[in-house]
Each structure stands twice: as structure tokens, then as C-alpha cells.
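Trainee: Pasting a structure here, questions to come.
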Amino acid sequence: MKKSVLVIIAVVAVIAATYLADRATRQPRKGQLHLTVANAAAAAKPAPEITLKDLDGKDLSLSAYKGKVVLVNFWATWCEPCQVEIPELIEIQQKYAAKGFTVLGIAMDEEGASVVTPWVQKERFDVNGSKSQMNYPIVIGNDAAADKFGGLLGYPTSVLITRDGKIVKRITGLISYDEISKSIESQL
């Protein structure tokens, strides 16, 4: 009797843990916007100060973009949803760069630049019928940088920062091109 009760408790615990893990890491359907931080609460929070190495090994600080609207995008080379949204990020960078905007890609591959640099140099993405390379700055991220942004539940995760360094939107999962464009335009 005791043994069967323990088995039932263990099964229930496994089911509960699986359910919670699935909810925490679930990717939204294509085009669906999933906010993990209420935008009103995020608006009051200043962006953290981080300095990371770019693909040439040089320090790049988020504060270097003060005065610009920045979409910080945490991604990884092995992440399929990240690869799906890269063409949209390239297009957004092309569309808004001249207006004081940039995407800042933070690559979270554990192997670092040894994997990310050749991948970025090699990969081309279909953007409006032409093959395009990633056209925005890429830095090599780490857990400490992710923690400064409140941690990550999955990839991709994007954070929109105003010209004066305030977080106004946080998205876990694929971005919606229309929604993020409206958010960017409201800050330009």
C-alpha cells in the first residue's frame, strides 16, 4: 500500500514538473507576441549596463548606443526560432537604422566566438527576395549579461530600449514584425 502511494505521488510530481517546464519554455506560434514582463512595469526600469566582446574581440557597451532606440536580441546559432526571426531583424535594421535605431544581437552560444563568428560570416537569409547577411552588431553573451536583464526563459528573447535607456518592451519567443515595428516607431 505504501509503495503504491509513493508511486502515485512520484507520478503526480513528474506530471506537475513537466507541465510547469512546458509553460515556462513554450514558444508562441508564428506571429504571436508573448510578453513576459508587463510593458507598464518595464517602462520604468532602466536598461542594465553591460559590456561584452564583439566578434572582433573588442569591448562593446550598451551605453555606446545611448541616444538610439535599441532592440537587444538574445539568440543562439542552434536556435531554430532565432533563425526564423533573423530575416525580420535584418529588415527592421535596414528600415530604421537611419532614424537612430539598432538591433544588438547577443549570441548566447556556450562555445562563444569560435562558433558564432564563422556562423555569422557564412549564413545568408532571405530578406525581400535577396540573400542578406546579419547587418547589425553581434556580441558574445553570457549568463551574467542575461541575468542583468532579468534572466531568460528561452530564445529568442528581445528587449526594446528607449533613447534614454529605459526598457519599454520584453518579448520571449518570436517577435511579431508588425507589433515590434509599431513599438520601435513609437520611440523614434
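The values are calculated or read from the model by the stated rules, or taken from the named source; none is laboratory data. On a predicted model such as this, the values are computed, not experimentally measured, just so you know. Using ideal geometry, Cβ is built from the backbone for each residue, glycine included, and neighbour counts are taken over all protein chains shown. Keep in mind that these areas ignore ligands, DNA and RNA; they rest on the heavy atoms of the full protein, side chains included. Shrake-Rupley method; radii C 1.70, N 1.55, O 1.52, S 1.80 Å.
Residue-by-condition table, conditions (1) under 14 Å from Asn73 (Cα atoms); (2) modelled with pLDDT under 95:
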site: Leu89; (1), (2): yes, no
site: Phe101; (1), (2): yes, no
site: Leu104; (1), (2): yes, no
site: Met108; (1), (2): yes, no
site: Gly112; (1), (2): no, yes
site: Thr117; (1), (2): no, no
site: Phe125; (1), (2): no, yes
site: Ser130; (1), (2): no, yes
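Trainee: Return the residues of region 50-91 that are in contact with a helix residue (DSSP H, G or I) (Cβ under 8 Å, 6 or more places away or on another chain) and without any contact (Cβ under 8 Å) to a residue 60 or more places away in the chain; say none if nothing qualifies.
Mentor: Thr51, Gly57, Thr77, listed by residue number.
Trainee: Residue under question is Lys148, and the condition is that it be of a type outside the set (Val, Ile, Thr), touching a residue at least 60 places away in the same chain (Cβ under 8 Å), surrounded by fewer than 16 Cβ atoms within 10 Å (Cβ to Cβ) and touching a strand residue (DSSP E or B) at 6+ places or on another chain (Cβ under 7 Å); does it hold?
Mentor: Values: of a type outside the set (Val, Ile, Thr): yes; touching a residue at least 60 places away in the same chain (Cβ under 8 Å): yes; surrounded by fewer than 16 Cβ atoms within 10 Å (Cβ to Cβ): yes; touching a strand residue (DSSP E or B) at 6+ places or on another chain (Cβ under 7 Å): no.
In short, no.
Trainee: To continue, here is another question. Sort through Gly105, Gly154 and tell me the only one that's out of contact with any Pro (no Cβ under 6 Å at 6 or more places or on another chain) and assigned to a loop (DSSP other than H, G, I, E, B). Give the derivation first.
Mentor: Working: Gly105 fails: assigned to a loop (DSSP other than H, G, I, E, B).
Just one listed residue meets the conditions, Gly154.
Trainee: Anything in region 96-135 that is open to solvent by 20 Å² or more (accessible area, probe 1.4 Å) and over 19 Å from the mean Cα position of the chain (by Cα)? List them, or say none.
Mentor: Within region 96-135, Ala98, Lys99, Ser114, Pro118, Gln121, Lys122, Arg124, Asp126, Asn128, Gly129, Ser130, Lys131 meet the criteria.
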